Each structure stands twice: as C-alpha cells, then as structure tokens.
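First up is the structure itself, then whatever we jot down about it.
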Amino acid sequence: MLSYAFTEEQEDLREMVREFAQAEIAPLVEEAERNEKFPVEIMPKLGELGLLGIVFPEEYGGIGADKITECIFVEEMAKVSAGITASVNAHADLAAFPIYKFGTDAQREKYLPRSIAGEIIGAYAITEPNTGSDAAGLATRAEKKDGGYVINGRKNFITNGTLCDYCLVAAYTDRSKRGEGISVFIVDRDTPGFEVTRKLEKMGHRSSDTAELVFEECEVPEEALLGGKEGAFAALMGALITGRVSHGVKSAAIAEAAFDAARQYATEREAFGRSLSKFQAISFKLSDMATRIEAAKALAYKAAWLYSTGQPCVKEASMAKYFSAEVADYVCREAVQIHGGYGYIVEYPVERYYRDAKLASITEGTSEIQQLIISKAIGL
C-alpha cells in the first residue's frame, strides 16, 4: 500500500538530527567554509549518537536502521551544510559501507567499529586526473609482489583525502579483463608510498576537504585486498547505488534551504510599499521552487524505500540523483535572483547554496551518466 508516513522512530531521529545540526554544525560552518577545512571534531559526536552507523548492524556499533532513516539524517544535515555532509557521506557510504558489504570478517572487525564511532575517517579513491566517468580507463595498477601488492598511480578529487585514516583504492590487477580486472584495496594512511600531494580549492563544498593522492611503490599486504579477492570492483560499483540515493536527498535539501531563505527574504523585504512576496513575479517563482522540491524529495525517498525493501532501484536511484541535481541548481539560482544584489554577497547563505548546488550534477556520476543509465533502463 502506498504510504508517505515516516515512523515515529524516524521522526524522532529527524528531530534529534535537526537539533544536533543547529547546535553543533551551524556554528562551525562559517569558519569551515572560510578555511576550507572539514571540522573533524564533529565525527566522534556523530558516532556517539549512532549517526555514522545508521544502516550498519548493531554488532559493529550501528543501529541497524534502513536507507530511509539514513536519508532523513542526510536531509537534515545538508540543510545546514552541504560540504560537511559530503565528507560525512563519503566516510559512511563510500568507505565504510563497501567494507561492510564486501570486506572479510577481519576487515570488518578492524575498520567498522572505529569508523562508526567516528574514531577514524575513511575515503574512497577511484577518480584520476585523466579518468572520471570512464572508470575502466584507470591508470593506477597493483602488481603482486612477495605475498602482497605494490600500488602505483595518482588519484584526484578525493573527498576526505587530506584527513583520512584509511582509503579504498581502485587499481588494475589484471588489465586484460578491463573493468573486471580492477580490484579495491584498503590502504592505511601511514603506509609508505601513500602521499597527499595537493589539497584542492573548490568553488563550493568548501567545508569538505578534497585532495590529490599519489601512490608510489606503495606496498600493501594481501589482507588489504577488499574481500580477499581480486576483481571486486564491478560488484562494488553496483553496491554504490546507495550513494546516488543519498545524493538525491542531499540535493533536495540544499534546494529546500535556499527556498526557505528566499521565502523569508521575500516576506521581509519591501518594495513599492509591499513585500516582495506579494508580487506575482516573485510568488510564482517561490511556488515553482516549492513544487520542484517536493517532486525531488518524493523521487529520492521512493528510491530509498525501494532500496530499503530490497527491490531493484538502479533506474530510480539515477532518476533521483539526476532530477534533484537539476532542481537544486534551478532553485538556488532563483533564490539568488530573489535576493537581488544581496544574493551575490557572501554574508547571505544563498550565495553558498548556489555554489554548493553545482557539484550535485558532477560528483559520483555526472548528470549525463545518470541519463545514460536511465535511458538503458527504459529500453533505449
């Protein structure tokens, strides 16, 4: 039966996250954005509340909830800071979750409890300077040597790259198999040959650290191979559909934050003897913005529901990520327009929302890649 109701437990979690975000995250945003540095001190606090382990089993310190519940967390966090949320998501969805899904028992025991507690931070390194959407074009390689592997390669645009304690690294172990010959390694930060060569300055999401990494004769033991076997990359990419669902909710949240700011400004700002909101040109903008946000959230939470109930959702997850990214870009642009000159000034949050929104159509599968996935799913 079709239902749009969240459970009482989910609503309680929403309220808890909202209060936490306002009390603990909001005061850090301005400095984090200005210094372009993720506030790592929030991770143990998130861990203490169980918010880094929402979808993980209790045996590892998680709370064993579903994807819908995790999306509620993402939504409330992203309304306050998209950048900080991006780093938290990269840690939970891209680093810790693959270890839970595909790791060996030893890997789970080593990394999951401390990741869920916020004691260590993870990153996931696929993208390279010359390889983005075409993951099979990776240049990084891992060669067998003396009971382990030697990794050589360069990675770019890696969220949490400057501050991670461990990193999942995609590298070719058998180039003759193309994509199926790519393996994933869990590389600890203190491994010789693992180097952060450059912190990247970005247009948006400035409170999320992004870096270029180099692996030069980086020797790792065989136990570092995710799942203890080569060629797990293809399955891993399929499992990362969870990240697209999170992105759909996150983009809708950015749009909603921009809408709320624009609505408040339009209500308070007066021109020609009445508030801006009383002008049809502005009220129609706000009506359109609100409608698109509701549609984006509905699509994203439908994908989350399908994922949570174990149903196929490749198409819906891509639709959610693609559509929400377009909505975020539109709504944030209109929010700046409603603010007029003030929308271009950094002391007003819509300027940040507009910059943050752009990444949604680029990261973790561009909008064009999502359209390609959708077109295949509908039989084109």
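The values are calculated or read from the model by the stated rules, or taken from the named source; none is laboratory data. Here the structure is a predicted model, which means the values were calculated and not measured. Glycine also receives a Cβ, built like all others from the backbone with ideal geometry; neighbour counts cover every protein chain displayed. Just so you know, the surface numbers come from the protein's heavy atoms only, side chains and all, with ligands and any DNA or RNA stripped out. Shrake-Rupley method; radii C 1.70, N 1.55, O 1.52, S 1.80 Å.
Charges at C-beta only: +1 for Lys and Arg, -1 for Asp and Glu. How large is the resulting dipole of region 162-237 about its Cα centre, in Debye rounded to 20? Walk me through the intermediate numbers first.
Values: 9 positive and 15 negative charges, 102 e Å.
The dipole magnitude comes to about 500 debye.
Each of GLY227, LEU240, TYR149 was scored by the projection of its Cα onto the charge dipole of region 112-252, and the greatest displacement toward the positive side belongs to LEU240; charges sit on the C-beta of Lys, Arg, Asp and Glu.
Given the options GLU217, GLU76, GLU36, which has the most mean-square fluctuation in a GNM of the chain, springs set between C-alpha atoms less than 10 angstrom apart? Fluctuation is largest for GLU217.
Name the shape class, rounded, prolate or oblate, that the alpha-carbon gyration tensor gives for region 1-136, where a ≥ b ≥ c are the square roots of its eigenvalues, rounded holds for a/c under 1.5, and otherwise prolate holds if a/b is larger than b/c and oblate otherwise. List each step's numbers first, then the result.
Numbers: a/c = 1.42, a/b = 1.10, b/c = 1.29.
Rounded, since a/c falls under 1.5.
Amide H to amide H, with H built 1.01 Å from N, GLY231 comes under 5 Å of SER183, VAL184, counting only residues 5 or more places away or on other chains.
Could you please report the charge total around VAL80, scoring K, R as +1 and D, E as -1 over all other residues with beta-carbon less than 15 angstrom from its beta-carbon? Don't skip to the answer; put the middle values down first.
Working: positive: ARG14, ARG18, LYS45, LYS79, ARG206, LYS250, ARG352; negative: GLU15, GLU19, GLU24, GLU30, GLU31, GLU33, GLU75, GLU76, GLU256, ASP260, ASP356.
My count for the surroundings of VAL80 gives -4.
A cut-off of 5 Å between modelled amide H atoms, ignoring neighbours fewer than 5 places along the same chain, links ARG198 with GLU212. Can you bin region 95-157 into rounded, prolate or oblate? Criterion: square roots of the alpha carbon gyration tensor eigenvalues sorted a ≥ b ≥ c, rounded for a/c under 1.5, prolate for a/b above b/c, oblate for the rest. The shape class here is oblate. Amide H contacts of ALA125: LEU168, VAL169, ALA170, each under 5 Å away and 5 or more positions distant or on a separate chain (H built 1.01 Å from N in the peptide plane; Pro and chain starts excluded).
Backbone geometry of region 223-229 corresponds, through the Karplus equation with coefficients 6.51, -1.76 and 1.60 at θ = phi - 60°, to 3J(HN,Hα) couplings of 5, 7, 5, 4, x, x, 8 Hz, x marking Gly and Pro. Let me have the 222 nm mean residue ellipticity of the chain computed from DSSP H runs of 4+ only, each contributing -39500 (n - 2.57), with the sum over all residues rounded to the nearest 500. Rounded to the nearest 500, it is -15500 deg cm²/dmol.
When only Cα pairs under 8 Å and 6 or more residues apart are kept, what is the percent relative contact order across region 1-140? Can you show the working numbers first?
Values: 137 pairs, mean separation 33.9, N = 140.
Computed over region 1-140, the figure is 24 percent.
When only the Cβ of Lys, Arg, Asp and Glu is charged (+1, +1, -1, -1), the dipole of the chain relative to its Cα centre reaches about 1320 debye. Compute the distance in nm between two label points, each set 7 Å from the Cα along the Cα-to-Cβ direction, one at SER3 and one at PHE279. Here the answer is 4.6 nm between the modelled labels.
Give me the 1.4 Å probe accessible area per residue for region 99-197, excluding ligands and nucleic acids, in Å². Display every interim value, and only then the final one.
Numbers: 4310 Å² over 99 residues.
Here the per-residue accessible area is 44 Å².
At a 1.4 Å probe, what is the % contribution of carbon and sulfur to the accessible area of the chain?
Values: 8790 of 17290 Å².
The value for the chain is 51 percent carbon and sulfur by accessible area.
With unit charges on the beta carbon (Lys/Arg positive, Asp/Glu negative), name the residue among SER287, LEU306, PRO98 whose Cα is farthest towards the positive pole of the charge dipole of the chain. Selected residue: SER287.
Converting phi to 3J(HN,Hα) with the Karplus coefficients 6.51, -1.76 and 1.60 and the offset θ = phi - 60°, region 23-31 yields 7, 10, 8, 3, x, 9, 4, 4, 5 Hz in sequence order, with x at every glycine or proline.
GNM on the chain, alpha-carbon springs under 10 angstrom: the most fluctuating residue among ALA295, ALA253, ALA320 is ALA295.
What per residue convex hull volume, in Å³, do the alpha-carbon atoms of the chain yield?
Value for the chain: 143 Å³ per residue.
Centroid-to-centroid, using Cα positions, region 27-77 and region 355-378 are 24 Å apart.
Excluding ligands, DNA and RNA, the accessible surface per residue across region 297-380 is 49 Å² with a 1.4 Å probe.
Each residue of region 88-96 was assigned a 3J(HN,Hα) from its phi angle through the Karplus curve 6.51 cos²θ - 1.76 cosθ + 1.60 (θ = phi - 60°); the sequence is 5, 5, 4, 5, 7, 7, 9, 9, 6 Hz, with glycine and proline shown as x.
Charged neighbours of ARG189, selected by a Cβ distance under 11 Å, balance to -4 (K, R count +1; D, E count -1). Computed over neighbours whose Cβ is under 15 Å from that of GLY64, the net charge equals -2, Lys and Arg +1, Asp and Glu -1. By the rule of a C-alpha distance below 20 Å, with chain neighbours fewer than 8 residues away ignored, the lysines paired with LYS315 are LYS67, LYS250, LYS297, LYS302, LYS376.
Taking SER176, SER115, SER287 as the candidate residues, the one with maximal mean-square fluctuation in a Gaussian network model of the chain, Cα springs under 10 Å, is SER176. Using a cutoff of 8 angstrom between alpha carbon atoms and counting only pairs six or more residues apart, the relative contact order for the chain works out to 15 percent. Need one word for region 200-266: rounded, prolate or oblate. Basis is the Cα gyration tensor (sqrt eigenvalues a ≥ b ≥ c); a/c below 1.5 gives rounded, then a/b vs b/c decides. In terms of gyration-tensor shape, oblate.
Report for the chain the percent antiparallel among DSSP-assigned beta bridges with both residues inside it, nearest 5. Let's see the in-between values first.
Details: 30 of 35 bridges.
Approximately 85 percent, going by the DSSP bridge assignments.
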